[in-house]
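Input: a single structure, listed below in structure tokens.
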Amino acid sequence: MIATKANAKLYQGRIPAASSRNDSALILLALFWPVAGAIAAFFMLHHRVARFVLGAVMALIGYRLSLVDQRLDAYRLGEYVKELAELNVREFSLWVNQYCFINEQCIDPIQPFYTFLLTRLSGEPSVAFAGYALLFAILSISTLTALHRDKVPGSNLFVYVFLFAVMAANPIHHIGGFRFNTASWAFLLGSYLVFYRGRDIGFAFIFLAATFHYAMTVLLVLTIVFRVVRLPLRLAIILALVSYAVSGVTPLVAPLLSNLDYQIGALSRGARYVSEGALEARSEALQQATSSNLFFFFFAKTGIKIALGGWVVYLMIFRKRLHNIGLREARFLSFSITLFAFANAFSEIPSFGRYSSIAIQLLFMGFIVCAAMYSRREKKLLLVLFVPAVLFSMLITLRTGLGIVDMFSMMPSPFLIFSREPLL
């Protein structure tokens with residue numbers, strides 16, 4: 001008995017020592033080769049040091065972004081930073097009075113005020129982008145960490161594939177579209193806390209998302225409705241199937257919204273997205289997409305939607321009894337599928353596709369927390385179904401990254417002394 005207690009104490013004493021060695025090795029790796037350290041940290045999210053390393057590397061990548069391609073959002077955001085950097089406090093106050101909330105140049109409250117604060121540190125856009133990346137990192141890593149903590153033991157390959165899919169859908173170089181892409185992570189974190197962990201404090205993050213980007217107000221309203229009116233999982237699956245049928249006719253009713261008289265900047269921009277001109281322009285671009293580089297832009301998520309359609313049909317026909325799913329898993333899955341049904345139904349309206357991206361991420365999160373619901377054979381089938389679709393959807397993201405990510409930030413630390421050069 002005494003020997004057993006001694007062995008137990010010895011075993012317990014080894015855990016912190018091994019953890020400390022792993023953390024030290026990770027820090028050394030990150031110092032020598034930051035990106036390699038970040039990759040290793042992705043698989044160690046249960047360690048606080050790993051989360052710190054991953055966040056620091058994301059901020060470094062933000063700082064090292066190459067803002068040379070005028071076609072990308074990041075270039076325009078860099079010009080925006082330079083504009084605010086030239087203003088003093090009094091001039092910025094006048095700028096806010098002139099533009100904010102009544103003009104499309106300043107729609108959301110966080111970006112202008114946060115940018116102005118960052119430009120007090122330095123007028124260089126790189127410093128502002130490091131600040132953008134820091135917020136982006138905090139929200140995205142918090143979401144991934146929450147999923148990692150709640151993952152089902154024994155399903156590592158399945159879990160990490162979809163954890164990667166969640167992250168790859170909105171990677172760090174998307175801070176070129178800082179407002180919406182950061183808001184997306186805030187919404188995902190808030191939704192996870194509310195519908196999976198049952199903590200209404202998550203609404204604070206959902207409200208935060210709406211202050212990052214006005215378009216999140218739509219999802220905020222829907223989230224409140226779904227929190228009060230909980231749809232049965234079976235009904236959510238039916239709505240998802242119906243959304244595939246009605247998505248083609250929703251653009252016909254969209255122009256009716258553009259006839260309203262909008263005086264607020266956010267609403268006036270929203271009206272443009274549903275105008276007849278916008279719908280016609282999208283239709284023409286879609287026709288050209290079959291024989292041009294626009295193909296990947298328009299069809300990047302088509303493969304995922306087809307795979308999701310197959311999964312929903314499978315749940316409807318072959319999984320008539322979802323008896324082996326917990327209450328919180330069912331609650332989160334019902335919310336995710338219902339939100340996907342809404343986003344998919346209106347995905348043909350310009351700019352509404354952004355909601356589809358968030359809904360798809362939520363469904364990937366649902367695969368992770370509901371991994372115990374599937375047999376080993378079903379998990380293999382899901383991987384075969386979704387991995388090619390996810391990889392195809394990443395092509396446009398990869399192409400954007402090649403034009404903005406600094407080549408030398410991907411290499412060992414000594415290469416950071418070189419000036420920024422895009423990967424391609």
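On the basis of being open to solvent by less than 30 Å² (accessible area, probe 1.4 Å) and under 19 Å from residue 238 (Cα atoms), does residue 371 make the cut? No.
Yes or no, residue by residue, for (1) out of contact with any helix residue (DSSP H, G or I) (no Cβ under 9 Å at 6 or more places or on another chain); (2) at pLDDT 90 or above:
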| residue | (1), (2) |
| --- | --- |
| 345 | no, no |
| 351 | no, no |
| 361 | no, yes |
| 368 | no, yes |
| 379 | no, yes |
| 398 | yes, no |
| 401 | no, no |
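Counting only helices (runs of 4 or more DSSP H) wholly contained in the range 191-303, the ones carrying 2 or more residues that are modelled with pLDDT of 90 or more occupy 203-212, 216-228, 233-246.
If you go through the range 132-165 and keep only what is closer than 18 Å to residue 186 by Cα, crowded, with 22+ Cβ neighbours inside 10 Å and not aliphatic (A, V, I, L, M), you end up with 132, 136, 140, 143.
To keep it simple, each residue is scored yes or no on (1) at pLDDT below 95; (2) within 22 Å of residue 81 (Cα to Cα); (3) touching a Leu at 6+ places or on another chain (Cβ under 8 Å).
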position: 123; (1), (2), (3): yes, yes, no
position: 131; (1), (2), (3): no, yes, yes
position: 135; (1), (2), (3): no, yes, no
position: 154; (1), (2), (3): yes, no, no
position: 174; (1), (2), (3): yes, yes, no
position: 182; (1), (2), (3): no, yes, yes
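Quick one: in the range 317-340, of everything that is under 13 Å from residue 234 (Cα atoms), at pLDDT 85 or above and among the aliphatic types (A, V, I, L, M), which residue is surrounded by the fewest Cβ atoms within 10 Å (Cβ to Cβ)? Applying the filter and picking the extreme gives 330.
One residue is enough: does the range 397-413 have a residue meeting the conditions open to solvent by 50 Å² or more (accessible area, probe 1.4 Å), within 30 Å of residue 33 (Cα to Cα), under 18 Å from the mean Cα position of the chain (by Cα) and touching a residue at least 12 places away in the same chain (Cβ under 8 Å)? Yes, the range 397-413 contains a residue that is open to solvent by 50 Å² or more (accessible area, probe 1.4 Å), within 30 Å of residue 33 (Cα to Cα), under 18 Å from the mean Cα position of the chain (by Cα) and touching a residue at least 12 places away in the same chain (Cβ under 8 Å).
Scanning the range 402-416 for residues that are farther than 26 Å from residue 75 by Cβ and part of a helix (DSSP H, G or I) turns up at least one hit.
The values are calculated or read from the model by the stated rules, or taken from the named source; none is laboratory data. Remember, it's a predicted structure, so these values are computed and weren't measured experimentally. With ideal geometry, Cβ positions are generated from the backbone for all residues, glycine too; neighbour counts draw on all protein chains shown. In case anyone asks, the SASA skips ligands and DNA or RNA and just uses the protein heavy atoms, side chains included. Shrake-Rupley method; radii C 1.70, N 1.55, O 1.52, S 1.80 Å.
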